[in-house]
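**Student:** So that we are looking at the same thing, I have put the structure below in C-alpha coordinates.
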Amino acid sequence: MPIASILILTIATLLTAFLSGIFGMAGGLILMGVLLSILPVPQAMLVHGILQSAANGWRCWLLRGAIQLPILGWYLLGAVLAIGLLLLIAWRPSRTMVFVLLGLVPFLVWLPRSIFHLDASKPSHAILAGLVVTALNTFAGVAGPALDIFFVRTKLTRHQIVATKSVTQLVAHIVKIIFWSGIAFVGISEQNSGLLLIVLVMIPISMLGTWVGGKVLNRLNDRSFLRWVKVLVTIIGLVYLLRALLLLTE
(Lines give C-alpha, C1' and ligand atoms only; values in the text may rest on other atoms or scores of the structure.)
Protein backbone atom coordinates (compact mmCIF):
# COMPACT_ATOMS: atom_id res chain seq x y z
CA MET A 1 0.00 0.00 0.00
CA PRO A 2 1.39 3.48 -0.87
CA ILE A 3 2.71 5.64 1.98
CA ALA A 4 0.07 8.30 1.25
CA SER A 5 -2.71 5.75 1.65
CA ILE A 6 -1.23 4.51 4.94
CA LEU A 7 -1.10 8.10 6.24
CA ILE A 8 -4.71 8.74 5.21
CA LEU A 9 -5.82 5.50 6.87
CA THR A 10 -3.95 6.37 10.07
CA ILE A 11 -5.51 9.83 10.37
CA ALA A 12 -8.97 8.53 9.44
CA THR A 13 -8.74 5.71 11.99
CA LEU A 14 -7.82 8.12 14.79
CA LEU A 15 -10.44 10.75 13.98
CA THR A 16 -13.29 8.34 13.30
CA ALA A 17 -12.59 6.38 16.49
CA PHE A 18 -12.70 9.72 18.32
CA LEU A 19 -16.13 10.49 16.84
CA SER A 20 -17.47 7.05 17.64
CA GLY A 21 -16.10 7.38 21.16
CA ILE A 22 -18.37 10.39 21.61
CA PHE A 23 -21.52 9.33 19.76
CA GLY A 24 -21.26 5.56 19.51
CA MET A 25 -21.65 5.97 15.74
CA ALA A 26 -20.80 8.33 12.80
CA GLY A 27 -17.09 7.47 12.87
CA GLY A 28 -17.73 4.13 11.21
CA LEU A 29 -19.65 5.84 8.42
CA ILE A 30 -16.72 8.11 7.60
CA LEU A 31 -14.11 5.37 7.90
CA MET A 32 -16.07 3.14 5.51
CA GLY A 33 -16.03 5.89 2.89
CA VAL A 34 -12.30 6.43 3.28
CA LEU A 35 -11.58 2.71 2.94
CA LEU A 36 -13.75 2.42 -0.19
CA SER A 37 -11.66 5.19 -1.74
CA ILE A 38 -8.46 3.20 -1.11
CA LEU A 39 -9.43 -0.48 -1.34
CA PRO A 40 -11.78 -2.78 -3.28
CA VAL A 41 -15.12 -3.47 -1.55
CA PRO A 42 -14.24 -6.88 0.01
CA GLN A 43 -10.97 -5.64 1.53
CA ALA A 44 -12.59 -2.39 2.67
CA MET A 45 -15.31 -4.38 4.45
CA LEU A 46 -12.76 -6.65 6.12
CA VAL A 47 -10.45 -3.84 7.27
CA HIS A 48 -13.41 -1.78 8.48
CA GLY A 49 -14.74 -4.75 10.42
CA ILE A 50 -11.39 -5.37 12.13
CA LEU A 51 -10.79 -1.73 13.09
CA GLN A 52 -14.37 -1.17 14.23
CA SER A 53 -14.35 -4.39 16.23
CA ALA A 54 -11.26 -3.17 18.08
CA ALA A 55 -12.74 0.28 18.70
CA ASN A 56 -16.13 -1.03 19.81
CA GLY A 57 -14.56 -3.74 21.95
CA TRP A 58 -12.40 -1.17 23.72
CA ARG A 59 -15.40 1.13 24.17
CA CYS A 60 -17.35 -1.79 25.66
CA TRP A 61 -14.61 -2.26 28.22
CA LEU A 62 -14.36 1.43 29.09
CA LEU A 63 -18.15 1.68 29.61
CA ARG A 64 -18.73 -1.88 30.80
CA GLY A 65 -20.68 -0.76 33.87
CA ALA A 66 -23.29 0.95 31.68
CA ILE A 67 -24.06 -1.99 29.37
CA GLN A 68 -27.72 -3.05 29.50
CA LEU A 69 -27.54 -6.84 29.51
CA PRO A 70 -31.29 -7.57 29.01
CA ILE A 71 -31.31 -5.53 25.78
CA LEU A 72 -28.12 -7.21 24.63
CA GLY A 73 -29.53 -10.71 25.16
CA TRP A 74 -32.59 -10.11 22.98
CA TYR A 75 -30.48 -8.30 20.37
CA LEU A 76 -28.18 -11.32 20.07
CA LEU A 77 -31.18 -13.52 19.33
CA GLY A 78 -32.07 -11.25 16.39
CA ALA A 79 -28.44 -11.29 15.26
CA VAL A 80 -28.48 -15.10 15.16
CA LEU A 81 -31.57 -14.96 12.94
CA ALA A 82 -29.77 -12.53 10.63
CA ILE A 83 -26.75 -14.82 10.42
CA GLY A 84 -29.02 -17.65 9.33
CA LEU A 85 -30.45 -15.50 6.55
CA LEU A 86 -27.02 -14.29 5.45
CA LEU A 87 -25.87 -17.86 5.00
CA LEU A 88 -28.55 -18.25 2.34
CA ILE A 89 -27.56 -15.11 0.40
CA ALA A 90 -24.77 -15.05 -2.18
CA TRP A 91 -25.25 -11.40 -3.26
CA ARG A 92 -22.42 -8.89 -2.68
CA PRO A 93 -22.97 -5.14 -3.31
CA SER A 94 -20.85 -3.16 -5.78
CA ARG A 95 -18.85 -0.07 -4.76
CA THR A 96 -21.60 2.24 -6.07
CA MET A 97 -24.32 0.32 -4.24
CA VAL A 98 -22.35 0.49 -0.99
CA PHE A 99 -22.09 4.29 -1.31
CA VAL A 100 -25.85 4.47 -1.96
CA LEU A 101 -26.52 2.40 1.16
CA LEU A 102 -24.05 4.52 3.16
CA GLY A 103 -25.86 7.63 1.99
CA LEU A 104 -29.36 6.39 2.81
CA VAL A 105 -28.68 4.75 6.18
CA PRO A 106 -28.04 8.04 8.08
CA PHE A 107 -31.48 9.39 7.18
CA LEU A 108 -33.07 6.65 9.27
CA VAL A 109 -32.51 8.88 12.31
CA TRP A 110 -35.15 11.28 10.90
CA LEU A 111 -37.94 8.71 10.69
CA PRO A 112 -41.01 10.08 12.53
CA ARG A 113 -41.18 8.76 16.06
CA SER A 114 -44.98 8.86 15.82
CA ILE A 115 -44.85 6.18 13.10
CA PHE A 116 -41.98 4.04 14.35
CA HIS A 117 -42.47 3.33 18.04
CA LEU A 118 -39.21 1.44 18.37
CA ASP A 119 -37.67 0.96 21.79
CA ALA A 120 -34.69 -1.35 22.32
CA SER A 121 -35.73 -1.90 25.93
CA LYS A 122 -38.69 -3.96 24.66
CA PRO A 123 -37.68 -7.59 23.90
CA SER A 124 -39.43 -7.84 20.50
CA HIS A 125 -37.90 -4.54 19.37
CA ALA A 126 -34.44 -5.59 20.52
CA ILE A 127 -34.76 -8.81 18.48
CA LEU A 128 -35.80 -6.78 15.43
CA ALA A 129 -32.80 -4.49 15.98
CA GLY A 130 -30.45 -7.47 16.00
CA LEU A 131 -31.94 -8.81 12.79
CA VAL A 132 -32.01 -5.52 10.85
CA VAL A 133 -28.74 -4.02 12.06
CA THR A 134 -26.68 -7.19 11.60
CA ALA A 135 -27.94 -7.68 8.04
CA LEU A 136 -27.59 -4.01 7.04
CA ASN A 137 -24.13 -3.72 8.60
CA THR A 138 -22.96 -6.74 6.62
CA PHE A 139 -24.03 -5.32 3.25
CA ALA A 140 -23.49 -1.56 3.77
CA GLY A 141 -20.52 -1.82 6.11
CA VAL A 142 -22.22 0.32 8.77
CA ALA A 143 -25.62 0.47 10.43
CA GLY A 144 -25.23 2.92 13.31
CA PRO A 145 -28.17 5.17 12.34
CA ALA A 146 -30.43 2.14 11.90
CA LEU A 147 -29.46 1.01 15.38
CA ASP A 148 -30.01 4.51 16.73
CA ILE A 149 -33.75 4.53 15.92
CA PHE A 150 -34.15 1.70 18.42
CA PHE A 151 -32.53 3.78 21.17
CA VAL A 152 -33.85 7.34 20.74
CA ARG A 153 -37.13 6.46 22.51
CA THR A 154 -35.53 4.61 25.42
CA LYS A 155 -35.06 6.17 28.85
CA LEU A 156 -31.38 5.25 28.90
CA THR A 157 -28.64 7.76 29.63
CA ARG A 158 -26.10 8.68 26.94
CA HIS A 159 -23.50 6.42 28.60
CA GLN A 160 -25.91 3.47 28.65
CA ILE A 161 -26.81 4.09 24.99
CA VAL A 162 -23.19 4.26 23.80
CA ALA A 163 -22.13 1.28 25.93
CA THR A 164 -24.97 -1.01 24.81
CA LYS A 165 -24.71 0.06 21.17
CA SER A 166 -20.98 -0.67 21.28
CA VAL A 167 -21.59 -4.31 22.20
CA THR A 168 -24.22 -4.72 19.49
CA GLN A 169 -21.93 -3.12 16.91
CA LEU A 170 -19.07 -5.38 17.98
CA VAL A 171 -21.28 -8.39 17.20
CA ALA A 172 -22.35 -6.89 13.85
CA HIS A 173 -18.76 -6.22 12.77
CA ILE A 174 -17.63 -9.71 13.69
CA VAL A 175 -20.42 -11.11 11.49
CA LYS A 176 -19.28 -8.78 8.69
CA ILE A 177 -15.68 -9.99 8.99
CA ILE A 178 -16.79 -13.59 8.65
CA PHE A 179 -19.13 -12.79 5.73
CA TRP A 180 -16.49 -10.96 3.67
CA SER A 181 -13.28 -12.70 4.75
CA GLY A 182 -13.30 -15.43 2.06
CA ILE A 183 -13.29 -12.97 -0.84
CA ALA A 184 -11.13 -10.38 0.89
CA PHE A 185 -8.30 -12.75 1.80
CA VAL A 186 -7.96 -13.80 -1.84
CA GLY A 187 -7.69 -10.15 -2.87
CA ILE A 188 -5.23 -9.34 -0.12
CA SER A 189 -2.90 -12.17 -1.07
CA GLU A 190 -2.84 -11.01 -4.67
CA GLN A 191 -2.98 -7.21 -4.47
CA ASN A 192 -2.49 -5.93 -0.92
CA SER A 193 0.35 -7.81 0.72
CA GLY A 194 1.05 -6.47 4.19
CA LEU A 195 -2.43 -4.93 4.55
CA LEU A 196 -3.35 -6.99 7.58
CA LEU A 197 -0.08 -6.01 9.27
CA ILE A 198 -0.93 -2.34 8.69
CA VAL A 199 -4.38 -2.92 10.13
CA LEU A 200 -2.90 -4.48 13.27
CA VAL A 201 -0.82 -1.33 13.74
CA MET A 202 -3.96 0.78 13.34
CA ILE A 203 -5.78 -1.02 16.19
CA PRO A 204 -3.96 0.81 19.04
CA ILE A 205 -4.58 4.10 17.22
CA SER A 206 -8.28 3.25 17.04
CA MET A 207 -8.30 2.48 20.76
CA LEU A 208 -6.60 5.81 21.52
CA GLY A 209 -9.20 7.75 19.55
CA THR A 210 -11.98 5.87 21.34
CA TRP A 211 -10.52 6.72 24.75
CA VAL A 212 -10.20 10.43 23.96
CA GLY A 213 -13.75 10.50 22.54
CA GLY A 214 -15.03 9.01 25.77
CA LYS A 215 -13.59 11.97 27.66
CA VAL A 216 -15.63 14.35 25.47
CA LEU A 217 -18.76 12.22 25.99
CA ASN A 218 -18.49 12.89 29.72
CA ARG A 219 -18.79 16.62 29.05
CA LEU A 220 -21.97 16.45 26.96
CA ASN A 221 -25.52 16.35 28.26
CA ASP A 222 -28.11 13.89 26.95
CA ARG A 223 -30.04 16.48 24.91
CA SER A 224 -27.04 17.91 23.05
CA PHE A 225 -25.77 14.37 22.49
CA LEU A 226 -28.89 13.33 20.54
CA ARG A 227 -29.01 16.62 18.59
CA TRP A 228 -25.41 16.39 17.39
CA VAL A 229 -25.88 12.76 16.34
CA LYS A 230 -28.67 13.70 13.92
CA VAL A 231 -26.82 16.65 12.39
CA LEU A 232 -23.56 14.79 11.95
CA VAL A 233 -24.92 11.66 10.29
CA THR A 234 -27.18 13.67 7.98
CA ILE A 235 -24.20 15.61 6.59
CA ILE A 236 -22.28 12.36 6.12
CA GLY A 237 -25.24 10.78 4.31
CA LEU A 238 -25.51 13.66 1.86
CA VAL A 239 -21.79 13.42 1.03
CA TYR A 240 -22.07 9.69 0.29
CA LEU A 241 -25.15 10.11 -1.91
CA LEU A 242 -23.21 12.70 -3.91
CA ARG A 243 -20.30 10.25 -4.17
CA ALA A 244 -22.66 7.53 -5.46
CA LEU A 245 -24.08 9.94 -8.03
CA LEU A 246 -20.60 10.79 -9.27
CA LEU A 247 -19.78 7.08 -9.64
CA LEU A 248 -22.94 6.54 -11.67
CA THR A 249 -21.99 9.35 -14.07
CA GLU A 250 -18.43 8.10 -14.64
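Okay, residues lined up against (1) more than 29 Å from residue 209 (Cβ to Cβ); (2) crowded, with 21+ Cβ neighbours inside 10 Å; (3) at pLDDT 90 or above:
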{"residue": "46", "(1), (2), (3)": "no, yes, no"}
{"residue": "80", "(1), (2), (3)": "yes, no, yes"}
{"residue": "114", "(1), (2), (3)": "yes, no, no"}
{"residue": "135", "(1), (2), (3)": "no, yes, no"}
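**Student:** Here's something else I'd like to know. Quick test for you: out of 184, 129, pick the one residue that is crowded, with 21+ Cβ neighbours inside 10 Å, over 19 Å from residue 16 (Cβ atoms) and at pLDDT 85 or above.
**Tutor:** 129
The values are calculated or read from the model by the stated rules, or taken from the named source; none is laboratory data. This is a predicted model, so every value here is computed, not measured. All Cβ positions, glycine included, derive from the backbone under ideal geometry; neighbour counts span all protein chains shown.
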